[in-house]
Structure formats: C-alpha cells, structure tokens
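Each remark here refers to the structure printed beneath this line.
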Amino acid sequence: MKNKKYIVDTTLRDGEQSAGIAFDEKDKVKLAKLMDEIGIYQIEAGIPAIGNVEKRALLKIMENRKNALISAWNRMNVEDIKHSIECSPDIIHISAPVSYVQIYSKLRKNKQWLRNSLMECVYYALDKGYKVTVGFEDASRADISFIVSLGVMLKEMGVSHIRYADTVGVLTPHNIADVTRTIIRLTEMDVEIHGHNDFGMAVANSLEAAKNGAKYIDCTFLGIGERAGNCDFIKFIKSSDSILDCGISKKEALEVQKEVYSLLKS
Amino acid sequence: MFKIIDRTLTAIKLEEDYPTGEMLAHMCKLLPRLGADYIEISVPVLERIGELPAEPKYILKVDNIEDIKRYHTFDMYVLKSKDKGQIDRVIHEIQVNDVREIPMLSRYQDLTNVRITGLDELMCTEYGPAMKRLKETFKTPVNLCPQNSYCCATAIALEWLLSGGKSVSASFAGIGGYAVLEELMMAVKVIMHKKINVDLSILPEATMIYETITKRKVSYNKAVLGENIFAVEAGIHADGINKNPLTYEPYDPKTVGKCRRIVVGKHSGTSAIKIKLKEKGAKLPDSLIEIILENVREESVIKRRSLTDIEFIRIVKEVVRNEKQKIYS
C-alpha cells in the first residue's frame, strides 16, 4: 500500500514571489479554485502584508473554497499576522529564519531574540483561535539541534506542524533523509518539506523526505519560485506515483498547469 | 577523484538540428572546461566535425566491432554489448531499467569496463543498498549514467559520487535525458566542497552555443543556467542579499558567469526601492519611498509582472513631481 502524503501548493505565494511574476486578484482566485477542485490539501494563497490587492484575493479564495485548507504566509512579526487575520484563513503560517547567516546577517539579532519573537507571534496567532504552522527558513544551513529545540517548544505551544525549508537548495537526498528522520524522532512533530531547485534536486529531495516520514510536500506548478524555483508539482506527482498516494490525478493536475502557464504567458 | 563522461554531442539530433562541424567543435572545446574528463562522440558527429580539437579526450560511441577497426585511433569506445570480446578498450553499455534487475548483472561480472544506463526510478527505492550492490558486482569501477524520466538523474549521479562511485555520465543541460553536467559540477563544488579544475564562468558562452546548436531556448529559471536565477524581487530577499548575499544565494553568481539583479514589483519592500534608487544615483526620504513602493506594487499587479527600470524611473519622477506640487501649491 502506498504511503499517504499531502501536497501544500505554494504557487500563489513562493511561486509568485519569483522575480517577474505577479498575479492579480482574478488570477489568484481562479487558480485557487482549480487547485481546490483537483483535491490539493492546502493552498498557500499569499502574503496579506503585501496590501489590499492580496487581502481581497485571499478573502475571495476563502469565500469560494470547498475542501482545501487555505493558508496565509507571514514574516515573523505580529503586524504581518494582523494583516493575515483580516483574511480569516484556515492556517496562519509563520516563517522563522533559523540559520546563522539569516539570524545574524539579515535580522542582525541572536538566537534568543528569535526564540522569543517566534513565541510571541505563535502565541498571538493561537490566541486568536488560528491553526498555526511554522516554517524554518534556511533550515538546511541551520544547526539541527537549534531546529529540534524550537520544534519541541512549538509542539508544547500547540503548533500543528513544522516546515523544513531548503531555502537555497543545498540539500542532497541522503542529507534530507537524515534530517527528516531526526526531526520527527526528536520533536514527534509532523514535518513539511519545502525544496528549492538550485542544483536540480528539488524533486529528488522532496521524494526522499517523503520516503523518510515528511507528511506534507510543498510544490509549485511549473516549478516557479525564487531563483531556479521550487519542487515542480507535476514532476513530483509523476515521479512519486509508484510509492506515494498524494490523492491527485495527474491528468487533472496537468489541466491546472496549463492554466498557470497560460496566465503567465498572457 | 572521479571521472565525468559527457554525452552532450551524442544526444544532439544531427538530422533535425543540422549543427555545423564548427559549432560541435566549439562545444568540444568548452566541455572539458566545464568538468568533462571525456567527451563521448558518435561516428556521425566525428564525420560532421572532421578534425577534432586536439585537447579533449574522446570516447567514440560505436554500433559494432567493425566501427572500432575502422576508427582505430581512439583510446576508448562505447558499445552496447555484454560480450567480453577481444578489445579491452571498450566500455560495455548495459541498459538497466528496473532496480530489480541489478542482482542479475552478476552474469556480466567479468566485464572490465561497464556503463550502467537507466535506473531512472532509483530514488523511489532504497538507493543506497542498490548502489552498493552495483559497485560490488564488478571488479572495476562502474560508470553510472542515470536517466531522467523521474527528474532525479542529477541527484542519483551526485549520490553515486558521494557513496564512492568513481565515474558518471552526464550531458550539458541534461540533453538526451541524462544527469545535468553543470548542476552536477556545481553540486560537487558547492555541496561536496571539492576543489575541481573547472571554469563555470563560461556557462553563458556554452549556453549560447548550445541554444544555437539545438535551436532550443534554455528555460529562464533552469538551475545554474537560467537567465533569471539571480533576479530578486521579494522584499525580504532583496533586503537579505543587500546585507549579505549568502542569505539567499547558494553561491556567487559570478561563479557561473552571471550577475545578481534587483527588480521591483508586487513583492518588493522598501529595501528594494532604496537599492534600486541607489543604483540610479538617487536618495529620497522614507516618506516618498513608501509612496513609490505603493505605486510600484499597484502597477506591477496591473501589468502582472515586475516593472522595467524605465517604468520604475517614471514612477519615481511622478511621485517626486507630485510631492513638489504639494509643497509649492
């Protein structure tokens, strides 16, 4: 029997975030509807903090939604989360940069500050009654013990699951297998894998993470995303078909891909 | 250290693309600089090029023993054959489509040079033990040529090398459905931290000649090669890269002959606007930056793309002009 896995589609967030792409409200609503219809488990629909265009799109997506869970992406700050709450999504996703280069060079803070800020944001969203997931940004270049300690803390707080992001695509299949097993074993949390394709290994890495226990797999149609993109939805579904059950028909997914392609070309 | 056999030239469709001998010879000169230890060519490629560039080491792919006798000056040949034969300079290419066939390869254990081609679905299995078994089957190092119908060929080739494999086959841009040469070499350099004698800054030149030969455009976001892979729009990415490029770049764009480029659009933040203004030699107060950002985002959504530099400058001029009018009116 094939292992059941769940696709988190981030075409409308990380996919759109790549340079050169901008969906309008109509595009987003249309694509989310199609994704919902083919049985995608979760749609990461956008970043409400961008502004009213994005908020209107999310509100409309929530209004049309039939089965898929709709999530809103947030930087690790309460103001971003307040914007998301205006859209009443199913899931508030909070992204926490966890590698040293992200914490010390980008945020110019330290690990204790990160831990406290993350706690504050998670508490805020949970307190408002939202299901919360946390993404460990640049996890593949971070200290695994730091990730595990944050995971244990988040589990205690009531976070649903954690996303392990290979933000700059530097993982190899055997590395991702090790870290996935380690995180699940030490945190007892469900793991979501978010791969990037900088070395052409996003599909292989996602597949290997799924084989080793990751329950959720992040994909984008046409593999669009920052730099060389994310794990390509169709390629992942096709490659994993013999061992995983993602509950998606390839034929129907190809129709969605055609629509994404047509919107990007128009 | 390991050896890379490049299969680019045998994967090019001569009868469809009609590349000239000069173009193919140009590619022969570039491939060793990209990490190819041997360039595999076919008899038709050899005939099209005429006199081969002197420096690279070549392997001739042949269909039969007669071809080896006819083109006898090559050091090595590739032949789809499972017979030991009389010539020891032959790499025996064996197609293995299913991992379950690996144990049956013991029938060919006496072959001295073997290339295993295929194994596309290796990543869907316990690939570690399968690779170990493959290595133990033969007395001499095996050349692995993973195929890419499961989109995992580069990863399989890299795992082969990481697990002690000594030889892999690949092709430029993955033409022919093989592991991708430039992805593999960058992974060896960046992920395996190996010092390798390659010059990947010539990749734009190699891409140009590849596109000319195949008449196919490399995708804008293709790993390592794509023209857009170092373009940055998202606010947090632009801000991070401005502080330290390592935050959102796995390697220096110059390594592969590229430059990073900040573009502005729907996902930009104030940092990207400031960086863009600095590029143009301008500095404006934060109050104006917020207005410019708002206008940039609005126009980007209307246009459903990032903005060009000309469009950005127009917005800046409009915002500054409006502000002056407010002050003097």
Checklist entry - Using a 1.4 Å probe, what is the accessible area per residue for segment A:3-265, in Å²? => result 34 Å²
Checklist entry - Given the options A:Gly200, A:Gly39, A:Gly20, which has the most mean-square fluctuation in a GNM of chain A, springs set between C-alpha atoms less than 10 angstrom apart? => result A:Gly20
Item to check | Global geometry of segment B:3-206, whether rounded, prolate or oblate, following the gyration tensor of its Cα atoms and the 1.5 cut on a/c | outcome: oblate
Next on the checklist: I'd like the mean, over residues of A:46-58, of how many other protein chain beta carbons sit within 10 Å of each residue's own Cβ.
Outcome noted: 3
Checklist outcome for this item: Here the residues of segment B:288-322 whose accessible area is at least 30 Å² smaller with all protein chains than in the chain alone (probe 1.4 Å) are B:Arg297, B:Val301, B:Arg304
Checklist entry - Carbon-plus-sulfur fraction of the accessible area of segment B:3-206, 1.4 Å probe, in percent? => result 48 percent
Item to check | Per-residue average of Cβ from other chains inside 10 Å of B:17-23 | outcome: 0
Checklist outcome for this item: Computed, not fitted: 222 nm per-residue ellipticity of the protein assembly as shown from DSSP H runs ≥ 4 (each -39500 (n - 2.57)), nearest 500, equal to -12500 deg cm²/dmol
Next on the checklist: Just to confirm my numbers, what's the Cα centroid distance between segment B:193-236 and segment B:242-306 in Å?
Outcome noted: 22 Å
Checklist entry - Hey, got the average number of other protein chain Cβ atoms within 10 angstrom for residues in A:191-200? => result 6
Next on the checklist: Checking the a/c ratio against 1.5 first, then a/b against b/c, what shape does the Cα gyration tensor give for segment B:210-292?
Outcome noted: prolate
Checklist outcome for this item: iface B-A | buried accessible area, total | probe 1.4 Å | Å², round 100 | 4300 Å²
Checklist entry - Taking a probe of 1.4 angstrom, what is the accessible area of B:Tyr210 in Å², to the nearest 10? => result 20 Å²
Item to check | With at most 12 other Cβ atoms within 10 Å, longest stretch of chain B clear of loop GluC sites (Glu not before Pro) (DSSP) | outcome: B:127-329
Checklist entry - By how many degrees, between 0 and 90 and to the nearest 10, does the Cα long axis of helix B:309-328 differ from the longest principal axis of chain B? => result 10 degrees
Next on the checklist: So if a site counts as exposed when it's one of the trypsin sites (Lys or Arg not before Pro), its DSSP state isn't H, G, I, E or B, and it has at most 14 other Cβ atoms within 10 Å, what's the longest stretch of chain A without one?
Outcome noted: A:129-266
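The values are calculated or read from the model by the stated rules, or taken from the named source; none is laboratory data. Note that the structure is a prediction, hence the values are computed from the model and not measured. Positions of Cβ are generated from backbone atoms using ideal geometry, with glycine treated the same way; all protein chains shown enter the neighbour counts. Areas reflect the complete protein model, heavy atoms only, side chains present, ligands, DNA and RNA absent. Shrake-Rupley method; radii C 1.70, N 1.55, O 1.52, S 1.80 Å.
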